[in-house]
1. Hey, with R₀ at 25 Å, roughly what FRET efficiency would residue 20 and residue 88 work out to, going by the Cβ-Cβ distance, to 0.05?
2. Got a sec? Charge dipole of region 1-86, +1 on Cβ for Lys and Arg, -1 for Asp and Glu; which of 47, 71, 28 is way out at the positive end?
3. Which FRET efficiency value, to the nearest 0.05, is calculated for residue 35 and residue 118 with the Förster distance at 25 angstrom and r the Cβ-Cβ distance?
4. Pull out the extension gain between residue 105 and residue 79, defined as 0.36 nm times the separation in residues minus the alpha carbon to alpha carbon distance; nm, one decimal.
5. What residues have an amide H closer than 5 Å to that of residue 2, excluding those fewer than 5 places away on the same chain, when H is modeled at 1.01 Å from N in the peptide plane?
6. Report the Stokes-Einstein translational diffusion coefficient (µm² s⁻¹, integer) for region 19-118, Rh taken as the Kirkwood radius over Cα pairs, at 4 °C with viscosity 1.567 mPa s.
7. Per-residue ellipticity at 222 nm for the chain, helices alone: DSSP H runs ≥ 4 residues times -39500 (n - 2.57), over residue total, nearest 500 deg cm²/dmol?
8. Please identify the GluC sites (Glu not before Pro) of region 1-46 that satisfy two criteria: DSSP loop assignment and at most 13 other Cβ atoms within 10 Å. Which are they?
Amino acid sequence: MLDSDQESEDGEPKDEVTRIKANFDEHGKRCDVLDRREIENYYSCEAVNDICHVSINNEFIGEYDDIEEKLNSEMDDGYSFDKSKHGRQIVDYMYSNGGSIEPVESLLQDCVEEVQRE
């Protein structure tokens, strides 16, 4: 699964993403590309608020926004958004509270079904 790195709805995935996907396709292997810019664009605002100590609403996380940049502008001085550290905590929070990231869930379900067919 790859980030599309698209910067707008009518944009295209970055060349590197397209190249990687084509390479997978050429070898008959599955490679999903997110519809949104990055996995961070699927975060719930509740999880972001709790982990990053900010107060954002659903409109804050756009499908093609640079979430790292946007969150850094909202966080208190001296704090910054760390994709690895905070991202892991946000996803843990989401899943612990009944949330999920649909494209990831869909991919995992497809993989389970494929293994069960074998």
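1. 0.60
2. 28
3. On the way: r = 29 Å, r/R0 = 1.15.
Once the sixth-power term is evaluated, E becomes 0.30.
4. Numbers: separation 26, 0.36 × 26 = 9.36 nm, distance 3.10 nm.
Gain on stretching residue 105 to residue 79: 6.3 nm.
5. 32, 33, 34
6. 85 µm²/s
7. After summing the helix terms and dividing by residue count, I get -15000 deg cm²/dmol.
8. Of the GluC sites (Glu not before Pro), the ones in loops of region 1-46 whose Cβ has at most 13 other Cβ atoms within 10 Å are 7, 9.
Quick note: the coordinates plus some simple rules give every number you see, no bench work behind them. Keep in mind that what you see is a predicted model, and the values were worked out from it rather than measured. Backbone-built Cβ (ideal geometry, glycine too); neighbour counts: all protein chains shown.
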